[in-house]
Amino acid sequence: MGLTGHEINFLFVSDREIKRYNRHYLKHDNATDVIAFGDFGYNQLPGDILISSDTAKRQAKEQGHSLLTEMKILAIHGILHLVGYRDKKKKESVRMWKKTEELLNLVRDT
């Protein structure tokens, strides 16, 4: 995926904190589960991935899996954004979730 030799920082924050980042940088006035910051698709990492632990807890419960599994899903989602994946359009979202599942299967038991 082009990540060899690059550093990614993961920050676990509250819904309140991620909402502040979402509003300031993306102009969305709501909490979200994950935000990735980097030079999207140009492999100019390091990158920063913010994950809302509050949202992750809720989503894990809703999906019926562990918090650890949800954190892995969100980490993978953020990494995919850093390497250029998008999810705004239906086709992009399907492609991204397929890749997420593929990568999750590689780390599921770790």
* Pull up all non-local amide H partners of GLY84: gap of 5 or more, or a different chain, and H-to-H distance under 5 Å with H placed in the peptide plane. => GLY41
* Asked: What's the local net charge at SER93, with K and R +1, D and E -1, over the other residues with C-beta under 9 Å away?
  -> +4
* Structure fact -> Going residue by residue through the range 54-68, the Karplus relation 6.51 cos²θ - 1.76 cosθ + 1.60 with θ = phi - 60° gives ³J(HN,Hα) values, rounded to whole Hz and with x marking Gly or Pro, of 5, 5, 4, 4, 5, 5, 4, 5, 4, 8, x, 10, 6, 4, 4
* Asked: Which far-off residues, 5 or more places away or on another chain, put their amide H under 5 Å from the one on LEU11, with H placed in the peptide plane?
  -> ILE49, LEU50, ILE51
* Using the Cα gyration tensor of the chain, with a ≥ b ≥ c the square roots of its eigenvalues, what is the shape: rounded (a/c below 1.5), prolate (a/b larger than b/c) or oblate (neither)? -> rounded
* Just order 20-30, 77-87, 54-64 by mean Cβ neighbour count inside 10 Å, highest at the front, would you? => 77-87, 54-64, 20-30
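What number, rounded to the nearest 500 deg cm²/dmol, is the helix-based mean residue ellipticity at 222 nm of the chain, given -39500 (n - 2.57) per DSSP H run of at least four residues and division by all its residues?
-15000 deg cm²/dmol
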* Structure fact -> With +1 at each Lys and Arg Cβ and -1 at each Asp and Glu Cβ, the charge dipole magnitude of the range 8-107 around its Cα centre, to the nearest 20 debye, comes out at 360 debye
* Structure fact -> Here the FRET efficiency for ARG16 versus ASP87, based on Cβ atoms and R0 = 25 Å and rounded to 0.05, is 0.55
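Considering only the range 8-107, what is the antiparallel percent among its DSSP beta bridges, to the nearest 5? Walk me through the intermediate numbers first.
Details: 4 of 10 bridges.
About 40 percent, rounded to the nearest 5.
Bear in mind these aren't lab numbers, they're just calculated from the coordinates by the rules spelled out. Since the model is a prediction, treat every value here as computed from it, not as a measurement. No Cβ is skipped: glycine too gets one built from the backbone with ideal geometry, and neighbour counts run over all protein chains shown.
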